[in-house]
1. Somewhere in region 112-129, is a residue within 21 Å of Thr55 (Cα to Cα) and of a type in the set (Phe, Trp, Tyr)?
2. Could you tell me how many of the residues in region 128-140 are surrounded by 15 or more Cβ atoms within 10 Å (Cβ to Cβ) and either within 12 Å of Met71 (Cα to Cα) or in contact with an Asp or Glu (Cβ under 9 Å, 6 or more places away or on another chain) (or both)?
3. Could you tell me how many of the residues in region 41-83 are touching a residue at least 40 places away in the same chain (Cβ under 8 Å) and closer than 18 Å to Leu144 by Cβ?
4. If you go through region 111-125 one residue at a time, do you hit one that is under 30 Å from Tyr21 (Cα atoms), among the charged types (D, E, K, R) and more than 17 Å from the chain's Cα centre (by Cα)?
5. List the pairs whose first member sits in region 118-144 and is at positive phi, whose second member is at pLDDT below 95 and surrounded by 15 or more Cβ atoms within 10 Å (Cβ to Cβ), and whose Cβ atoms are under 9 Å apart, counting only residues at least 6 apart or on separate chains?
6. If you take the residues in region 82-103 that are among the hydroxyl-bearing types (Ser, Thr, Tyr) and either touching a helix residue (DSSP H, G or I) at 6+ places or on another chain (Cβ under 7 Å) or more than 25 Å from Glu125 (Cβ to Cβ) (or both), which one is surrounded by the fewest Cβ atoms within 10 Å (Cβ to Cβ)?
Amino acid sequence: MKIGLIAAGIALLSMIATIGYSAEIEVKMLNKDSAGQKMVFEPSLIRANVGDTITFLPTDKGHMAASIKGMMADGGKFKGKTNKPVSYVVTAEGLYGIKCTPHMANGMVAVIAVGNTFETEAFLEGKKVSKKAKARFEDILSQL
């Protein structure tokens, strides 16, 4: 009887520890990816859970990561420095728009997708982004 209670207690504690676990996800900022696409985040679609930490790494020089106003599910914001890693913890389900400020006109954007239900049509609605950034966003959103 006692062994059964101990086993049940251990199982319950293991489940609680797993629920509280949050991942650390690394995203590279590159001049060119393996497919030859220029000015990219790799991956450009980052799937995450609430509480996960996303770290953007300036793998190639000259890049930075920043939030895009009006495209953050949790309403937060961040702005990294050029050639420096920057991290962000996602706190709500939804979509998060990320840019490399100096290369956004070249389409250097990414999307963090948290959860399973997304308003992809509304994500770009009314947002002012370059033609290349819009095309890349549409490509990323089509993967959801």
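The values are calculated or read from the model by the stated rules, or taken from the named source; none is laboratory data. Note that the structure is a prediction, hence the values are computed from the model and not measured. Cβ placement follows ideal geometry from the backbone for every residue including glycine, while neighbour counts extend to all protein chains displayed.
1. No - not one qualifying residue is present in region 112-129.
2. 2
3. 14
4. No, region 111-125 has no match at all.
5. Pairs that qualify, where the first residue is at positive phi and the partner is at pLDDT below 95 and surrounded by 15 or more Cβ atoms within 10 Å (Cβ to Cβ): there are none.
6. Checked region 82-103; the qualifying residue surrounded by the fewest Cβ atoms within 10 Å (Cβ to Cβ) is Thr82.
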